[in-house]
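Visitor: Questions regarding the structure given below will be posed in turn.
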Amino acid sequence: MLRMEIALFAVMAFVAYIYFSAEKKYTQLHSTFSVLLVVTLIHLAFDGITVYTVNHLDTVPRLINDICHRLFIGTMIFIFFLFYQYIAILVEEETGKPRKLVKTAAIYLIIAELGDIFLPIHYAVTPAGNYSDGIHVIFCYISVAFYFLLGTGLLVANWKSIEKKKKTAIVIASLVELTVTTLQGINHTWLISGMGITLITLAFYLILENPDILRAELTEQKMSMLYLKSQVNPHFLYNTLDSIRIQAQLDGDKKVADLLMKLVEFFRHSVKVNRPMVSLDDETELLDAYMELMCYRYPELDYKCDIDPDLGEVQVPNFILQPIVENSLLHGLKNKGYRGEVAVSAHKTADGKLELCVRDTGSGFAEGKRAQINEMLANYAKQTPKLTGNSIGILNVQKRIKLLCGREFGLRYSENEDGGVTAHILLPLEEAEE
């Protein structure tokens, strides 16, 4: 039996090494899984120790046996608390609903850990092997069942809103734990709880947290970004060049050179494909070049950019503002003959994040359209990849923000009281490392 515990520890140590050595953004979900991996390794270590001590009651002092056993049970309860936390965060990100029963889960964790410390431990000695039984073990089973039921309840209550892959991971983990706990309850001497915890951790890792899968998704989105950049809206390119041609025919003055320079500048900024993150200054320089061309083409179009200089070095995903602004022009101001204003601003939120706002004075959303777009953005992971259509730009922006910055960040739209719409982009407030 001890060999199995050693093997399980080796497997999880290897998984932890791969996970912690991979490059990734530590979102709340990833941070929770990171803690889970560390606690699982500690638990498996004490699992192996207690397998030995419980079967050597005649040689291992009772105090040492009890301490090791309480650490083994205490870490087990904490692991199932973390599993519930992981599921709760995942459901919150999928549905947008705030987490429930957070305090209840935390309070019960305190009660459970106190029970582990103070409840008496009894050891059953049998010819097939020794094991602990009595009120201490019963309390452990109750604690596991408590968090199991909380997680299952969350899954059932939000079944339709959760992505299939994520539902699969939770269901597999739940079935594995139910099976292992049942077998452990029937055959007390098997001591296979460590196997169950290892298997459900692996289920979460392989399906949800595998760095290779996350990198593959990021690569897919980068390819979508490259495609989007290669398009750069053919209508915009053609019409701008045509405007320059007409201007050249009329008077060939310095404006032509200036416009050509802006066009070159725009493309120079837009081809930084090897940098997924750029400074906010770089991103606004690209947007300024684009909007100078558009304002020349449409003289009654006004553009304002209000960015705090202190935020200039904050890192943002590359090429996210131009698609949003272009969307404002094509779907808001076009219907008003490109008469109106587009204003871009950036500010630090009360909770220490960066919010970029793109506000236009266009025609606004048709009835029900804002809810439809926000629904599409909220369920970005379920959207079928597209290479054409009006929503490719904003959907591409949303997917890259989620992958590069974390699932709690992203894009949403609101309607202005005085007309037009505002796009809100929430990002982490991080500056480039020196």
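Visitor: Looking only at the stretch 304-321, which residues are modelled with pLDDT under 90 and open to solvent by less than 40 Å² (accessible area, probe 1.4 Å)?
Guide: Matches in the stretch 304-321: 318, 319.
Visitor: Determine which member of the set 128, 88 is modelled with pLDDT of 90 or more and either touching a Cys at 6+ places or on another chain (Cβ under 8 Å) or among the hydrophobic types (A, V, I, L, M, F, W, C) (or both).
Guide: Numbers: 128 fails: modelled with pLDDT of 90 or more.
On inspection, the qualifying residue turns out to be 88.
Visitor: Let me ask you something else. Could you list, in sequence order, the residues of the stretch 322-341 that are open to solvent by less than 20 Å² (accessible area, probe 1.4 Å) and out of contact with any strand residue (DSSP E or B) (no Cβ under 9 Å at 6 or more places or on another chain)?
Guide: 322, 323
Visitor: To continue, here is another question. Inside the stretch 155-204, can you point out the residues that are more than 19 Å from residue 5 (Cβ to Cβ), open to solvent by 10 Å² or more (accessible area, probe 1.4 Å) and among the aromatic types (Phe, Trp, Tyr)?
Guide: Correct list: 159 only.
Visitor: Would you mention how many residues in the stretch 292-321 are under 17 Å from residue 421 (Cβ atoms) and in contact with a Leu (Cβ under 6 Å, 6 or more places away or on another chain)?
Guide: Residues in the stretch 292-321 being under 17 Å from residue 421 (Cβ atoms) and in contact with a Leu (Cβ under 6 Å, 6 or more places away or on another chain): 1 in total.
Visitor: Filter the stretch 41-59 for residues that are under 15 Å from residue 80 (Cβ atoms) and open to solvent by 10 Å² or more (accessible area, probe 1.4 Å) and give the result. Give the derivation first.
Guide: Just the residues of the stretch 41-59 that are under 15 Å from residue 80 (Cβ atoms), to begin with: 42-44, 47.
42 - this is the single residue of the stretch 41-59 that is under 15 Å from residue 80 (Cβ atoms) and open to solvent by 10 Å² or more (accessible area, probe 1.4 Å).
Visitor: Six or more apart or on different chains, Cβ atoms under 9 Å: show the pairs whose first residue is in the stretch 318-342 and under 12 Å from residue 286 (Cα atoms) and whose second is small (Gly, Ala, Ser) and not in a helix (DSSP H, G or I).
Guide: 325/423
Visitor: With in a helix (DSSP H, G or I), open to solvent by less than 20 Å² (accessible area, probe 1.4 Å) and aliphatic (A, V, I, L, M) as the only criterion, which of 11, 38, 91 stands out?
Guide: 91
Visitor: Applying the selection to the stretch 94-118, what residues are modelled with pLDDT of 90 or more and open to solvent by 30 Å² or more (accessible area, probe 1.4 Å)?
Guide: 103, 104, 106, 107, 108, 110, 111, 113, 114, 117, 118
Visitor: Pairs needed: first member in the stretch 299-313, outside any strand (DSSP E or B); second member anywhere, of a type in the set (Ser, Thr, Tyr); C-beta distance under 6 Å; at least 6 residues apart or different chains.
Guide: Going by the 6 Å Cβ cut-off, the qualifying pairs are 313/279.
Visitor: Show the residue pairs that are 6+ apart or on different chains and have beta-carbon atoms under 6 Å apart, the first residue being within the stretch 28-42 and farther than 21 Å from residue 74 by Cα and touching a residue at least 60 places away in the same chain (Cβ under 8 Å), the second being in a helix (DSSP H, G or I) and open to solvent by less than 10 Å² (accessible area, probe 1.4 Å).
Guide: Cβ pairs passing all conditions: 28/89; 29/89.
Visitor: Looking at the stretch 53-74, I want the residues that are more than 22 Å from residue 115 (Cα to Cα) and have a partner that is open to solvent by less than 20 Å² (accessible area, probe 1.4 Å) and small (Gly, Ala, Ser) with Cβ atoms under 9 Å, at least 6 apart or on another chain. Which pairs are those?
Guide: Once the first residue is more than 22 Å from residue 115 (Cα to Cα) and sits in the stretch 53-74, its partners that are open to solvent by less than 20 Å² (accessible area, probe 1.4 Å) and small (Gly, Ala, Ser) give 55/129.
Visitor: Might you check whether a residue that is of a type in the set (D, E, K, R), at pLDDT 90 or above and within 24 Å of residue 428 (Cβ to Cβ) occurs anywhere in the stretch 328-339?
Guide: no
Visitor: Let me ask you something else. Does any residue in the stretch 349-378 that is more than 26 Å from residue 305 (Cβ to Cβ) come within less than 7 Å, Cβ to Cβ, of a residue that is open to solvent by 50 Å² or more (accessible area, probe 1.4 Å) six or more places away or on a different chain, and which pairs are these?
Guide: 376/383; 378/96
Visitor: May I ask you to say which residue of 138, 121 is surrounded by fewer than 16 Cβ atoms within 10 Å (Cβ to Cβ), without any contact (Cβ under 8 Å) to a residue 60 or more places away in the chain and hydrophobic (A, V, I, L, M, F, W, C)? Steps first, please.
Guide: Working: 121 fails: surrounded by fewer than 16 Cβ atoms within 10 Å (Cβ to Cβ).
Testing whether each residue is surrounded by fewer than 16 Cβ atoms within 10 Å (Cβ to Cβ), without any contact (Cβ under 8 Å) to a residue 60 or more places away in the chain and hydrophobic (A, V, I, L, M, F, W, C) leaves just 138.
Visitor: Can you tell me how many residues within the stretch 107-118 are touching a residue at least 24 places away in the same chain (Cβ under 8 Å) and closer than 30 Å to residue 157 by Cβ? Explain how you work it out, then say what you get.
Guide: Within the stretch 107-118, the subset touching a residue at least 24 places away in the same chain (Cβ under 8 Å) is 108-109, 112-113, 115-117.
Of the ones still in play, those that are also closer than 30 Å to residue 157 by Cβ are 108-109, 112-113, 115-116.
Selection size over the stretch 107-118: 6.
Visitor: Within the stretch 321-336, does at least one residue satisfy the condition of being not small (Gly, Ala, Ser) and not in a helix (DSSP H, G or I)? Spell out the reasoning first.
Guide: If we filter the stretch 321-336 for residues that are not small (Gly, Ala, Ser), which is where we start, we get 321-327, 329-331, 333-336.
Remaining after also requiring not in a helix (DSSP H, G or I): none.
Among the residues of the stretch 321-336, not one is not small (Gly, Ala, Ser) and not in a helix (DSSP H, G or I), which makes the answer no.
The values are calculated or read from the model by the stated rules, or taken from the named source; none is laboratory data. What you see is a predicted model; the values in this text were computed from it and never measured. Note that we place each Cβ from the backbone using ideal geometry, even for glycine, and neighbour counts take in every protein chain shown. Remember, those area values only see protein heavy atoms, side chains included, never the ligands or the DNA or RNA. Shrake-Rupley method; radii C 1.70, N 1.55, O 1.52, S 1.80 Å.
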